[in-house]
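Below you'll find the structure, written out as structure tokens, and then a few comments.
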Protein chains: 2
Amino acid sequence: MAQSAGALHGVRIIDLTRTTAGLFGVTILADLGADVIKIEPREITPRTLGRFATTGRTKGGVDMRVIQTYRNRRSLTLELKHPLGREVFYDLVRHSDVVWDNYRPGVMKALGMDYDTLSNINHRIVCCSISGFGSTGPDAHRPGYDPIAEALSGLIMLTGEPEQPPLYPGTPFADMGTGMFAAHGVLAALYQRQSTGRGQQVEACLLDTSLAFLYLDGTHYLNSGTLPQRTGSKSRSGPLVGIFHTQDGYIVSCVQSQEQVLHLCRALGHEDWLQDPRFNSAANRVHHREELNQLGQEVFGTQSTAYWEEALIRADVPVGRVNTLDHAFADPHIQSRGMVVSTSHAGQEYKALGCPVRLSDSPATYGPAPSWGEHTEEVLTDVLGYGPERLQALRQEKVV
Amino acid sequence: MAQSAGALHGVRIIDLTRTTAGLFGVTILADLGADVIKIEPREITPRTLGRFATTGRTKGGVDMRVIQTYRNRRSLTLELKHPLGREVFYDLVRHSDVVWDNYRPGVMKALGMDYDTLSNINHRIVCCSISGFGSTGPDAHRPGYDPIAEALSGLIMLTGEPEQPPLYPGTPFADMGTGMFAAHGVLAALYQRQSTGRGQQVEACLLDTSLAFLYLDGTHYLNSGTLPQRTGSKSRSGPLVGIFHTQDGYIVSCVQSQEQVLHLCRALGHEDWLQDPRFNSAANRVHHREELNQLGQEVFGTQSTAYWEEALIRADVPVGRVNTLDHAFADPHIQSRGMVVSTSHAGQEYKALGCPVRLSDSPATYGPAPSWGEHTEEVLTDVLGYGPERLQALRQEKVV
């Protein structure tokens, strides 16, 4: 079928976000076709500069966060604390569907940009706020960072080997997840608005997200009082399920059914294990899983990852090699998925990770990550219809 | 403002999912008010039973996955391979907005339930498919499990201490994330449908999701060729950022600005560290961060977690204690967030993790997790308008 415009074509988002959670969430909607206007401070301060030096992941002085999470936006510099700046912001609200911020609770109200104020200007506006601890509760004022939310929620305590200290999951799941949950809220509010004609407030925070990510360990604790062990490299529920090291790397085994365990043992050359009284029933294998994992590890260590992956896939055993990123991105299947995309910034081409949300008629697109204030004049002219005199005045007043 | 119905009130979803990714994603939309009809096989087979024994997280024989991810649904048993069962399914499609499955690619077509077929029955239908490897590419047929996707993508290689083997992140992020991205796609397709009048296909898979979760490490590798180190317990970008053990537990420090580093060193009683030539500038501190982390660790070890948390929060240093789940759920702020909710199943009350998506006018609700086939008659009668004779016939034919 012919491709239509992006699924969110016509949805305009005012992006006030500066943290990973907000940037990641807005980017999902930007990739799906929303018209995102990013508001930046008029001057690059050490603090705003700092945002682009802290990730430690730069190329040619460009922080990868700009490449990954500033794409598909227009950039407008605007001094929100200046009365004239606020007037411009209110005009933008009149012409927009969503205002998305990640300020600490109270800041938007102090700026005269809270939902009650903005909904009086445009009753269709959806206001999405992301924070660390949420807008309510005794710690609402505390600064939120991904590791703090993962620590308080118990997520960090679930990561690492059972007998060793807890560890940080390898990537900011609380940040990304919060942006994703916020995006659900914005999309649901936009959907509902089509029948109610009104916008509403959406909220997501790092701590709530981390609690939701506790998933079954959390639900099980709440109903049984049983504290979960850390997962580490081996499953707590089954034998021969986990990460095993091979002659030259690591491989993950995910055997679930009795049949898969049989196939695995056979492929490892040890169908005999299943005759062992310790391992001759599912219950016994669970009970003695550490011994069986040990035996499995000894055999895995005798051959390469490629050898075992090929042999086990042939034996219909669910496995996968533990890739480093170079091998991951060189994988033919991964390459075929098109998850590595091209985008640009300041005239340079870059690669980025694509959007995993796939829509058959309106696929994601990957426009440039704008330079600071690149579209200030375009937005004020095309979106707000300001004339040259007003632009001039705003520049003179150091508002834009 | 008065609360309206759920944001997704009026959206009917046919839920064919059985894996964590699908169940988690559908539950987000169910919590937000969608009318979800879960289709179950007519008979509980060892295999379907097996699904509820593998998580190892049960109470009174009830798998916590039922409590956490079957809530807010009606359950209909239906034999999809029976011609009459397919007719019933087609009738459901005529009365629904979304069909959501997690079968391996090709299965829906084999069942006569692929998008082309269903869109001819109802051109407004949105078909969402979740799989391990996606519907295209050389490995599309492979069975997908969360750890395999996290292994192949490189995510597992990012988790663990740099000098030690890679580990599994403590909870199934690829599963949950895939359900979340799929939910974005469904919501975007429903939004776009309101202008195009047509549904479309939505796809998400564990592997694409895991690649997206590589986030900055992935983007940095793609543009610089630099392989990231595992994160482990300490940040790679800054000193005194990470997990430190105390006299009785662990605490996370997230100092970012120069000022925060100063406050932390002062609170640790060692402002003098910042005079040390190794640590007297941000660059030097990054270069010598392991020595500074070592010094910090020695001091953290001399007092309790509670002591440091209280002292450091007072010093305006961003920190958080690493909670076990009992302490997490006992935390006054966490309790105030209402993320622990009540739901029921088979007449029993249970606690569950709530929905982190917060909408001011249409908050999430938490209906029961139905028993197997509990609403078969209700759905066939109220939704499809079948009469008693037809119900009787379907039962006789072992279709429902």
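The values are calculated or read from the model by the stated rules, or taken from the named source; none is laboratory data. Since the structure is predicted, the reported quantities are computational estimates derived from the model, not experimental observations. A quick note on method: Cβ atoms are made from the backbone with ideal geometry, for glycine too, and the neighbour counts reach across all protein chains shown. Side chains included, ligands, DNA and RNA excluded: accessible areas come from the protein's heavy atoms. Shrake-Rupley method; radii C 1.70, N 1.55, O 1.52, S 1.80 Å.
Helices (runs of 4 or more DSSP H) fully within segment A:252-347 that include at least 1 residues being outside the structural domain of A:Arg74 (by TED's automatic domain parsing) and touching a strand residue (DSSP E or B) at 6+ places or on another chain (Cβ under 8 Å): A:258-267, A:289-300, A:305-314, A:325-330. Pairs are defined by a Cβ separation below 7 Å, a sequence spacing of at least 6 or placement on different chains, a first member in segment B:324-346 that is among the aromatic types (Phe, Trp, Tyr), and a second member that is open to solvent by 40 Å² or more (accessible area, probe 1.4 Å); the pairs so defined are B:Phe329/B:Val340.
Considering B:Ala346, B:Ala311, B:Ala315, the condition of being on the phi > 0 side of the Ramachandran plot, over 21 Å from the mean Cα position of the chain (by Cα) and of a type in the set (Gly, Ala, Ser) is satisfied by B:Ala346 alone.
Residue count for segment A:188-213, restricted to those that are crowded, with 24+ Cβ neighbours inside 10 Å and either over 24 Å from the mean Cα position of the chain (by Cα) or among the β-branched types (Val, Ile, Thr) (or both): 4. For segment B:186-208, the set of residues classified as under 25 Å from B:Gly137 (Cα atoms), β-branched (Val, Ile, Thr) and within 7 Å of chain A (Cβ to nearest Cβ) consists of B:Val202 only. Scan B:Asp326, B:Asp382, B:Asp316 and give me the residue that is acidic (Asp, Glu) and either under 24 Å from A:Ile130 (Cα atoms) or buried (at least 21 other Cβ atoms within 10 Å of the Cβ) (or both). Every option except B:Asp316 fails the conditions. Somewhere in segment A:252-267, is a residue within 10 Å of chain B (Cβ to nearest Cβ), in contact with a Lys or Arg (Cβ under 6 Å, 6 or more places away or on another chain) and either β-branched (Val, Ile, Thr) or open to solvent by 50 Å² or more (accessible area, probe 1.4 Å) (or both)? No, segment A:252-267 contains no residue that is within 10 Å of chain B (Cβ to nearest Cβ), in contact with a Lys or Arg (Cβ under 6 Å, 6 or more places away or on another chain) and either β-branched (Val, Ile, Thr) or open to solvent by 50 Å² or more (accessible area, probe 1.4 Å) (or both). Condition check for A:His184 on (1) open to solvent by 20 Å² or more (accessible area, probe 1.4 Å); (2) of a type outside the set (Lys, Arg); (3) in contact with a helix residue (DSSP H, G or I) (Cβ under 7 Å, 6 or more places away or on another chain); (4) closer than 24 Å to A:Ile13 by Cβ: one failure, at (1). Name the single residue that is farthest from B:Asp114 (Cα to Cα) among those in segment A:354-374 being of a type in the set (A, V, I, L, M) and assigned to a loop (DSSP other than H, G, I, E, B). For segment A:354-374, the residue satisfying everything is A:Ala364. Report yes if A:Arg198 is part of a loop (DSSP other than H, G, I, E, B), at pLDDT below 95 and not assigned by TED's automatic domain parsing to the domain that holds A:Tyr307, otherwise no. No: the conditions fail for A:Arg198.
Checking each residue in segment A:70-95 for being out of contact with any strand residue (DSSP E or B) (no Cβ under 8 Å at 6 or more places or on another chain) and either in a helix (DSSP H, G or I) or outside the structural domain of A:Tyr366 (by TED's automatic domain parsing) (or both) picks out A:Pro83, A:Leu84, A:Gly85, A:Arg86, A:Glu87, A:Val88, A:Tyr90, A:Asp91, A:Arg94. Only residues that are over 15 Å from B:Ala306 (Cα atoms), more than 8 Å from chain A (Cβ to nearest Cβ) and open to solvent by less than 20 Å² (accessible area, probe 1.4 Å) were counted across segment B:232-245, and they come to 2.
Conditions (1) closer than 16 Å to A:Val357 by Cβ; (2) outside any strand (DSSP E or B); (3) facing chain A (nearest Cβ under 7 Å), marked per residue:
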site	(1), (2), (3)
B:Ile148	no, yes, yes
B:Leu152	no, yes, yes
B:Gln164	no, yes, no
B:Met180	yes, yes, yes
B:Ala183	yes, yes, yes
B:Ser210	yes, yes, no
B:Gly218	no, yes, yes
B:Arg230	no, yes, yes
B:Gln247	no, yes, no
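Checked against the criterion of being in contact with a helix residue (DSSP H, G or I) (Cβ under 9 Å, 6 or more places away or on another chain), open to solvent by 50 Å² or more (accessible area, probe 1.4 Å) and within 10 Å of chain A (Cβ to nearest Cβ), the candidates B:Arg390, B:Arg358, B:Arg337 yield just one match: B:Arg358. Has segment A:72-90 got any residue that is open to solvent by 20 Å² or more (accessible area, probe 1.4 Å), farther than 17 Å from A:Ile37 by Cβ and of a type in the set (Ser, Thr, Tyr)? The answer is no, given that none of the residues of segment A:72-90 is open to solvent by 20 Å² or more (accessible area, probe 1.4 Å), farther than 17 Å from A:Ile37 by Cβ and of a type in the set (Ser, Thr, Tyr). Scoring A:Thr226 on the criteria (1) more than 8 Å from chain B (Cβ to nearest Cβ); (2) open to solvent by less than 30 Å² (accessible area, probe 1.4 Å); (3) outside any helix (DSSP H, G or I) leaves a single failure, condition (2). Within segment A:166-176, the set of residues being open to solvent by less than 10 Å² (accessible area, probe 1.4 Å) and either more than 7 Å from chain B (Cβ to nearest Cβ) or hydroxyl-bearing (Ser, Thr, Tyr) (or both) comprises A:Thr171, A:Ala174.
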